[in-house]
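See structure below.
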Amino acid sequence: METNQMTKVWSVDNDVENTVEKLRSCTQIVDAASLLRAGEVVAFPTETVYGLGANALSDEAVEKIFLAKGRPSDNPLIVHIGAREQLATVAGEIPTKGKQLMDAFWPGPLTIILPKTDRVASLVTAGLESVGIRMPDHPVALAIIEEAGVPIAAPSANRSGRPSPTTAAHVLTDLEGRVAGVLDGGATGVGVESTVIDVTVNPPIILRPGGITREQMEAVIGTVALDPSFQVGAVETPRAPGMKYTHYAPEGELWLVTGEADHVRKKMSEMLRDAKQHGQKTGVLATEESRSYWEQQPEADVVLSVGSHTDLEEVAQQLYAVLRDFDDCQAQFIVGETFSRDGLGMAVMNRLEKAAGGRILSV
Ligand code: TXA
Ligand code: MG
């Protein structure tokens, strides 16, 4: 594995006038797509997070994704398509509920697990008979996939275990010198990854909460089950292989404190004071509501807000960037509050719990 290759960076204007058709003729997209066709690995923006793409039909190309990320080989990748016509190349029979979900939410942050075809590179599915597929809702992503002319396997473009990248700068921090190129299309919108739903079972089951909520899907296909592993206090092994790893973690030790507001603040203060006494640089993952309080507390060295408790979309959008900012400030011990699990809150809490590696205190 070449780990000191030249990483090309192309900027694409984040212009509302940019249609997929127009983008396909831009030199940046043409260049990036030709590298993908040549079996190289290129990062690009989607509406959720940046993805690290390679030709999903080539094991040789897909292997480079695992090497660049340092990703365990038993963790399958999501295949991205640019148009419904590409579906038949990668997916076998599609259950009715799968079709209904595609009609309702594609392009968009929903990955649908389907039976795979033989054309899908075996490394993509980590030996499983199923494949996760999504059509991203981002003109740059759609343009590069269409221009490459092949389905594109793409995990989030971070080093394995790190918070997913929501800007091209995050991708470069993790992967410069390890990938052929990065298409910079500005900050991503949703901020947390797609929802992963398995429609090969009935009722369909959410394997990873994400940008499309359970409530939104139930409005279209009726009952949707939840993988028991990400419900509060769960002990089950998750069915999505990627969900069992520690993930999204900042370098500092992150703790979450949950309970009645006054008790939470008191406990957080105690923990911060204790960490400071041990010589650690402390951080608080705050909200718009609590930021000014923490800024006045001497035990909090770094205070970063992820947004308002009443705007979970904003929290989702900023979460990973804030986790990375704690690294830039070299925070060694970080405490944070928890959020409602309603709607997008389920995805936010799932990522926060993973980032905390199970360090959650109820007070
Ligand atoms: O928003 C997203 O989904 C981003 C962007 C780039 O599209 N991609 C992303 O990929 O988050 P990744 O590789 O970081 O996460 C894929 C998740 C993992 O938890 C993996 O285990 C699960 O999807 N997955 C993929 N294929 C699967 C399959 N056949 N069965 C069960 N889980 C699968
Ligand atoms: Mg990931």
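Throughout, read-outs are computed from the coordinates displayed, never taken from laboratory work. Since the structure is predicted, the reported quantities are computational estimates derived from the model, not experimental observations. Using ideal geometry, Cβ is built from the backbone for each residue, glycine included, and neighbour counts are taken over all protein chains shown.
Rg/Rh for the chain to two decimals, with Rh computed the Kirkwood way over all alpha-carbon pairs.
0.98
Does segment 1-160 classify as rounded, prolate or oblate by the C-alpha gyration tensor (a ≥ b ≥ c root eigenvalues; a/c under 1.5 gives rounded; else a/b over b/c gives prolate, otherwise oblate)?
Oblate, because a/c is 1.5 or more while a/b does not exceed b/c.
What does the C-alpha gyration tensor say about the overall shape of segment 28-86? Classify as rounded when a/c is under 1.5, otherwise prolate if a/b is larger than b/c, or oblate.
Rounded, because the longest to shortest axis ratio a/c is under 1.5.
For F333, F326, what ranking results if the residue with the fewest other Cβ atoms within 10 Å of its Cβ goes first?
So the residues, fewest neighbours to most, are F333, F326.
Sticking with the crude label model, points 7 Å out along Cα→Cβ, report the distance from K8 to A169 in nm, one decimal please.
2.4 nm
Of the DSSP beta bridges with both residues in the chain, give the percent that are antiparallel, rounding to the nearest 5.
Numbers: 16 of 46 bridges.
Roughly 35 percent of the beta bridges in the chain run antiparallel, per DSSP.
Go ahead and run the numbers for FRET between D342 and S362, Cβ-Cβ distance against an R0 of 25 Å, rounding to 0.05.
Computed FRET efficiency for D342 and S362 comes out at 0.85.
Starting from the Cα of K99, draw a straight line to each of the lysines and keep only those under 26 Å, dropping any in the same chain fewer than 8 residues away.
K116
Along its principal axes, what span do the Cα atoms of segment 253-362 show, with the longest given first and each in whole Å?
Projected onto the principal axes, the Cα atoms of segment 253-362 cover 39, 30, 27 Å.
Give me E146, E288 ranked fewest to most by other Cβ atoms within 10 Å of their Cβ, as a rough exposure proxy.
Numbers: E146 18, E288 15.
Final ranking by Cβ density, sparse to dense: E288, E146.
May I ask you to sort H309, H247, H263, H80 by Cβ crowding, counting other Cβ atoms within 10 Å and putting the fewest first? Let's see the in-between values first.
Values: H309 17, H247 20, H263 13, H80 28.
Listing H309, H247, H263, H80 from fewest to most nearby Cβ atoms yields H263, H309, H247, H80.
So if each residue of separation counts as 0.36 nm, and I subtract the Cα-Cα distance between E289 and A261, what length gain in nm does that give?
Details: separation 28, 0.36 × 28 = 10.08 nm, distance 1.14 nm.
Answer, rounded to one decimal: 8.9 nm.
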